[in-house]
Amino acid sequence: MELMTPKEIVAELDKYIIGQDRAKRAVAVALRNRYRRSKLSEALREEITPKNILMKGPTGVGKTEIARRLAKLVKAPFVKVEATKYTEVGYVGRDVESMIRDLVENAIRLVKDEKFEQVKATATVNANKRIRDILMKKQKPNAPKTTTNNLADGAVEVVVEDDKINPEVLLKEIEEGKWDKEIIEMEVIEAPRAIEIIPGNQDTNISSFLGGILPKNRKLRKISVAQARRNIVNEESARLIDMDSVNEEGIRRAEQEGIIFIDEIDKIAISSNAHGGPDVSREGVQRDILPFVEGCTVNTKYGIIRTDYILFIAAGAFHIAKVEDLIPELQGRFPIRVELDNLTEKEFYRILTQPKNAITKQQAELLKVDNIDLVFEEDALKEIARIAEMENENNENIGARRLHTIIESLLQDISFEAGADHPMSKVVITKAFVQKELEQTVKKYDLSKYIM
Ligand SMILES: Nc1ncnc2c1ncn2[C@@H]1O[C@H](COP(=O)(O)OP(=O)(O)OP(=O)(O)O)[C@@H](O)[C@H]1O
Ligand SMILES: [Mg+2]
């Protein structure tokens, strides 16, 4: 359960997303409200359904980024889907349901991980013991070794080497990881085929379903002790936890704490000035989404889930279509509306420097691999921010994505020239360099200012 206060959530989001305070606050409050609700009596809880959020704002200002960060932050079941995926050819109505199934899948994994963590210590103890038994068998020599010592008085002493490995000592060594690289032979369970569970992947249910019924092949394999330990811990853990309770708890979590983020929701709205074509399927998708947002029950392989208390957060640029172009029933189900702000020079400068994963930091790290020590001067960053805003104003407004294009073109040559076979060299990006590299762009806009 998310125990973070709204302030803490916002503070965490602040590390990655510049500005957009209203959107951050809205999601933070919505998250906290889940927690508050969970503390109420059952009867009251029944009455309170979450207030879904609709985030609206120009392209490239952080809508998806907020969702992404939120997903990392919350320990609640979370899925992010793109509304457009349901309009693709081949998708039929009931596939919208897959987002609920994915949420449950996600919740189950969450619970499983928690339970695994709880039994891990026990499982590891058992695993190390089993490894010791295997090692003991392997180490046992066929005949006891003897050494003969000629003693000073002419007598001969025969020393029988102790072939008994001290199990206690060995176990301790195994626990300490001293044997990790040792290769041992043991039975491993072979999965019928690689099964990957990717949220949003339609195959998920089929492959994991198959994984459950196909016979498991046991094969004798030579593997390292470290690998063996991982295998055994997994097996043991699965044995130690009660899967039925995991499923139950998973369903409960998805139901009570689940969050579904529907991105690009504007793409399934029907703009009032468009006609015919794919619009039919768009409205269809809206109608398909509606029951889940309104609250219904869905059958999953883990059990039946009610969707009434799932929190939905939708986001879209709403450039062409307006929020009002969504079918009214759907609009009504997203009572909290937050607008994200257009980003300007000031924010761009901060985006370039402040976030933990700032693009300038990323580029510097990348080039460090090739022995380039990349440094941006203050002035240069300010100039990049200024040009970014100018380009967004005069060209298409693509928000913070503009920074990516500028940085890319700025570093193109350096990136190309860099190679690991030269000593570490410092490259300083100055304002003059930025202006020279982006000369064409800058000139054009400064001129256009006067023409207009
Ligand atoms: N406010 C912000 N702070 C930091 N980085 C940002 C911000 N806004 C956008 N970015 C960066 O710009 C890129 C695009 O942002 P994002 O994917 O969130 O756009 P979006 O609002 O979802 O746009 P779209 O409507 O086109 O989907 C990301 O790499 C993100 O890191
Ligand atoms: Mg987006």
Item to check | Positive-end residue of PRO6, TYR86, GLY62, charge dipole of segment 1-97 with Cβ unit charges | outcome: PRO6
Item to check | For segment 103-109, 3J(HN,Hα) per residue [Karplus equation, 6.51 cos²θ - 1.76 cosθ + 1.60, θ = phi - 60°, Hz, x = Gly/Pro] | outcome: 5, 5, 3, 5, 5, 4, 4
Item to check | Built amide H within the under 5 Å cut-off of GLU82, gap 5+ | outcome: ASP263
Item to check | ³J(HN,Hα) computed for each position of segment 395-411 - Karplus, 6.51 cos²θ - 1.76 cosθ + 1.60, integer Hz, glycine/proline x | outcome: 9, 6, 7, 10, x, 5, 4, 4, 4, 5, 5, 5, 4, 4, 5, 5, 9
Item to check | Size of electric dipole in segment 248-396: Cβ of Lys, Arg +1 and of Asp, Glu -1, about Cα centre, debye, nearest 20 | outcome: 580 debye
Next on the checklist: For a quick check: with amide H placed at 1.01 Å from N, whose amide H comes under 5 Å from PHE376's, ignoring anything fewer than 5 positions away on the same chain?
Outcome noted: ILE429
Checklist outcome for this item: Sparse-neighbourhood loop hits (GluC sites (Glu not before Pro), segment 31-112; DSSP loop; Cβ within 10 Å at most 14 others) -> GLU88
Checklist entry - Looking at MET424, THR441, LEU326, which one has the Cα that reaches farthest to the positive end of the dipole of segment 314-452 (charges on Cβ: Lys, Arg +1; Asp, Glu -1)? => result LEU326
Checklist entry - In segment 1-54, if every C-alpha pair distance is counted and binned at 5 Å from zero, what percent goes to each bin? => result 4, 20, 25, 21, 14, 8, 5, 2, 0
Checklist outcome for this item: Rounded to one decimal in nm, the spacing of the 7 Å Cα→Cβ label points at LYS7 and ARG221 is 5.1 nm
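Kirkwood Rh over Cα pairs of segment 345-440 into Stokes-Einstein at 4 °C, 1.567 mPa s: D in µm²/s?
Answer, rounded: 95 µm²/s.
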Checklist outcome for this item: Highest mean packing first, using Cβ neighbours within 10 angstrom, the peptides 281-294, 354-367 sort as 281-294, 354-367
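For a quick protection proxy, order the peptides 21-34, 116-129 by their average other-Cβ count within 10 Å, most packed first. Spell out each step's value before the answer.
Numbers: 21-34: 20.1, 116-129: 16.2.
Output ranking for 21-34, 116-129: 21-34, 116-129.
Give me the one-decimal Kirkwood hydrodynamic radius in Å for segment 1-99, with the sum taken over alpha-carbon pairs.
For segment 1-99, the Kirkwood estimate is 15.4 Å.
Each value in this text was obtained by applying a stated rule to the coordinates, not by laboratory testing. Fair warning: this is a prediction, and the values are worked out from it, not measured in the lab. Cβ atoms come from the backbone with ideal geometry, glycine included; neighbour counts cover every protein chain shown.
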